[in-house]
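The values are calculated or read from the model by the stated rules, or taken from the named source; none is laboratory data. Being a predicted model, the structure only gives us computed values, none of them experimental. Cβ: placed from backbone, ideal geometry, glycine included. Neighbour counts: every protein chain shown.
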Amino acid sequence: MSQDKWNKSDEAEQWKENKPESIRIAGVVRESIVDGPGIRFVVFGQGCPHHCEGCHNPNTHDFDGGYDCSIEKILTEMDKNPLLSGITFSGGEPMCQPEAFLALAEEIKKRKLDIVVYSGYTLEELTKMGQDRTAIQSLLDKIDYLIDGRFVLSERDLQLNFRGSRNQRYIDMAATRQNGKIILVQS
C-alpha cells in the first residue's frame, strides 16, 4: 500500500467510527490504477494470517492494528469520485472480515461498480471455507475479479498485471460462475 494521507494517524482519526456496520481497515487509496482495471478506490483490510515473506503491506498483518471505519463513510468517500471503475478489497486479508466486506459489496453493486478482491487464499480454499462461513461464499458470488494465492517471493514478477507473484491467479469470477470452472483473465 502506498503511503498516502489515509495512513497518517491524524487523518485516520477522522475515519474512526464505532458503528455496528464497520470494517477494521489499515487505510484507503482514493484512486489507484495498479489494484485492478480502471480507476479504483482501494480498501485495505486490517489483519492477515498469511504473513507472506516480502509482503507489500506488512503493516496490515496485525489484527489489532488499523482502525474501525463505517461502511457508510467508505461509500461517502467513494461517491465523491464519479470516475471510479470500481473498488478493490485488499489487505491484510479481506476474507477475515467477510460479513463486513459483504455488506460493503452489496452497496457497491447498487452503484453498478465492479469489485476486485485480493486474497492470500486460493479460490478452492475460499470455496471450502464458504461451506462453513456463508458470508465468504456470498462475497465470492458478488465479486467480479479475484486475485488469489499467497505472495511467494521466489516467484515475484513485476511484469504481471495486478499480481505480485506468478503463482497468483487473476480470475474472472463472473465467467467462472457461468462456466463452472476457473476462467482466468488473459492479460
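With the checklist (1) in contact with a Leu (Cβ under 7 Å, 6 or more places away or on another chain); (2) within 18 Å of residue 30 (Cβ to Cβ); (3) of a type outside the set (A, V, I, L, M) in hand, flag the one item residue 82 doesn't pass.
Checking residue 82 against (1) in contact with a Leu (Cβ under 7 Å, 6 or more places away or on another chain); (2) within 18 Å of residue 30 (Cβ to Cβ); (3) of a type outside the set (A, V, I, L, M), the one that fails is (1).
May I ask you to list the residues in segment 129-149 that are assigned to a helix (DSSP H, G or I) and of a type outside the set (Val, Ile, Thr)?
Passing the criteria: 129, 130, 131, 132, 135, 137, 138, 139, 140, 141, 142.
Filter segment 150-187 for residues that are in a strand (DSSP E or B) and under 21 Å from residue 51 (Cα atoms) and give the result.
156, 165, 169, 170, listed by residue number.
Return yes or no: is residue 152 in contact (Cβ under 8 Å) with a residue 40 or more places away in the chain and either within 18 Å of residue 172 (Cβ to Cβ) or not polar (S, T, N, Q) (or both)?
For residue 152, the condition - in contact (Cβ under 8 Å) with a residue 40 or more places away in the chain and either within 18 Å of residue 172 (Cβ to Cβ) or not polar (S, T, N, Q) (or both) - is met.
Identify all residues within segment 61-101 that are of a type in the set (Val, Ile, Thr) and either touching an Asp or Glu at 6+ places or on another chain (Cβ under 6 Å) or under 29 Å from residue 51 (Cβ atoms) (or both); write none if there are none.
71, 74, 87, 88
Which numbered condition trips up residue 89, out of (1) without any contact (Cβ under 8 Å) to a residue 40 or more places away in the chain; (2) under 17 Å from residue 112 (Cα atoms)?
Failed condition: (1).
Across segment 137-173, which residue is surrounded by the most Cβ atoms within 10 Å (Cβ to Cβ) among those that are of a type in the set (A, V, I, L, M, F, W, C) and in contact with a Leu (Cβ under 7 Å, 6 or more places away or on another chain)?
139
Among the strands (runs of 3 or more DSSP E) contained in segment 14-128, which hold 3 or more residues that are in contact with a Cys (Cβ under 9 Å, 6 or more places away or on another chain) and at pLDDT 95 or above?
Where strands (runs of 3 or more DSSP E) fall fully within segment 14-128 and carry at least 3 residues being in contact with a Cys (Cβ under 9 Å, 6 or more places away or on another chain) and at pLDDT 95 or above, they are 22-32.
Looking at 134, 127, 176, which one is surrounded by 15 or more Cβ atoms within 10 Å (Cβ to Cβ), more than 24 Å from residue 78 (Cα to Cα) and over 14 Å from the mean Cα position of the chain (by Cα)?
Criteria check complete, one pass: 176.
Take segment 30-42 and flag every residue that is surrounded by 13 or more Cβ atoms within 10 Å (Cβ to Cβ) and either within 18 Å of residue 170 (Cα to Cα) or in contact with a Ser or Thr (Cβ under 7 Å, 6 or more places away or on another chain) (or both).
32, 35, 36, 37, 38, 39, 40, 42
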